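Student: Structure provided below as structure tokens; questions to follow.
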Amino acid sequence: MLKIGFADYYLDNWHANNYPAFLRQTIAAYGYSAQVYAAWAVKDLEGGQSTEQWCRERNIRPMRSLGELIEAVDALMLIAADDSEFHRLLCPEVLACGKPVYVDKTFAPDLKSAGEFFAIAERHGTPVFSSSAQRYCQHLIDYLREREGPTRFMSTVGPHSLAAYAVHQLEPIVAVMGTGVKRIKAFAVGSAVTQLILDYGGGRLASFTQTPQPWAEFNFMVSDGETGRRLHSDDGNFYANLMKAVLDFFVHGIVPVRKEETLEIIALIEAAKKARENPDQWLEIHY
């Protein structure tokens, strides 16, 4: 039976608190030969649960070091989802393990680090992928399966800050439109709102609007240039679909997100930050 381990900066956070149950529900629903087995964190959250308390409540074995965790399991989930700076601390050792690794969004804090992470994984034969859960909205999955031609336009709307949540809109854009954005422009619409246009060339465009409201609903719209379709993101299925993708990756070796897509997403986040500082100007994408 495949043993899954969790690594994090501290374990008492929304993603780590919920992922074990999500995984176990998906394991039971599809009959995977897998179990959530062990966990380790750099530190305890001040004022929160200790690693030992967190593990005891979830029937998971606490490990004393990252090396001990890597040795004890067959596959790893590196969380630290709320601040990818911590991936800079943990990825070098985790991605050298030679075992399948899922790195939660956002994969890396910058493009240089993302390239270094993938290079470490490749040197050590470590299969790895990363994704926003928004890639796994059921309506988006259905659209990708059913569409008959290329998508010429996609619009996204979402909440929160550019640094932390841009991935949740850029991941669906890249999943639908593909890689190859040529240039990007930000509009001067206010210090707390980000409005972007992504130009793929050949008349293919994507738009991105981000509001400061932290709990605003994600919305996606796609068009072939003649007709349009709304893809409801808040369909309640994206975490279950993500867990299935992770388990297919761990158990069957199916890598669902190409390295090139993840690198483009990180490049676009970097470019969006620069575009916000230089509004109303096209910036070319190079990486």
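Read the figures in this text as sums done on the coordinates, not as results from a lab. It should be emphasised that the depicted structure is a prediction, and the values quoted were computed from it without experimental measurement. Because the Cβ atoms are built from the backbone with ideal geometry, glycine has one as well, and the counts that use them run over all protein chains shown.
Student: Sequence gap at least 6, Cα distance under 8 Å: using those rules, report the relative contact order of the chain to the nearest whole percent. All intermediate terms of the calculation are to be shown ahead of the outcome.
Tutor: Working: 583 pairs, mean separation 53.1, N = 287.
Reported relative contact order: 18 percent.
Student: Before rounding to the nearest 500, sum -39500 (n - 2.57) across all DSSP H runs of length at least 4 in the chain and divide by the residue total; then give [θ] at 222 nm in deg cm²/dmol. Don't jump to the answer; show the numbers that get you there.
Tutor: Details: 9 runs with 114 residues, N = 287.
It lands at -12500 deg cm²/dmol.
Student: Another question, if that's okay. Treat every Asp and Glu Cβ in the stretch 34-158 as -1 and every Lys and Arg Cβ as +1, leave all other atoms uncharged, and give the resulting dipole magnitude about the Cα centre to the nearest 20 debye.
Tutor: Working: 14 positive and 18 negative charges, 55 e Å.
Dipole magnitude for the stretch 34-158 comes out near 260 debye.
Student: Of the listed pairs Lys3/Lys105; Lys3/Lys259; Lys99/Lys274; Lys43/Lys185; Lys3/Lys112, which have alpha-carbon separations greater than 29 Å here?
Tutor: Details: Lys3/Lys105 22 Å; Lys3/Lys259 25 Å; Lys99/Lys274 36 Å; Lys43/Lys185 40 Å; Lys3/Lys112 31 Å.
The pairs that break the limit, which is 29 Å between Cα atoms, are Lys99/Lys274; Lys43/Lys185; Lys3/Lys112.
Student: Spelling out what I want: for every residue of the stretch 71-82, take phi, set θ = phi - 60°, compute 6.51 cos²θ - 1.76 cosθ + 1.60 (Karplus), and round to whole Hz; glycine and proline get x.
Tutor: Per-residue couplings from phi come out as 5, 7, 10, 9, 7, 10, 10, 9, 8, 6, 6, 7 Hz.
Student: Tell me, what does the Kirkwood hydrodynamic radius of the stretch 1-116 come to in angstroms if you use every pair of distinct C-alpha atoms? Please report the intermediate quantities before stating the final value.
Tutor: Values: mean 1/r = 0.0699 Å⁻¹.
By the Kirkwood definition, the hydrodynamic radius is 14.3 Å.
Student: Now, a different point. Which far-off residues, 5 or more places away or on another chain, put their amide H under 5 Å from the one on Lys182, with H placed in the peptide plane?
Tutor: Answer set, sorted by chain and number: Asp199, Tyr200, Gly201.
Student: Moving on to the next point. Quick one, which of [x] 18.4; [y] 22.1; [z] 19.6 is the actual Kirkwood radius over Cα pairs in Å calculated for this model?
Tutor: Label [z] holds the value from this structure.
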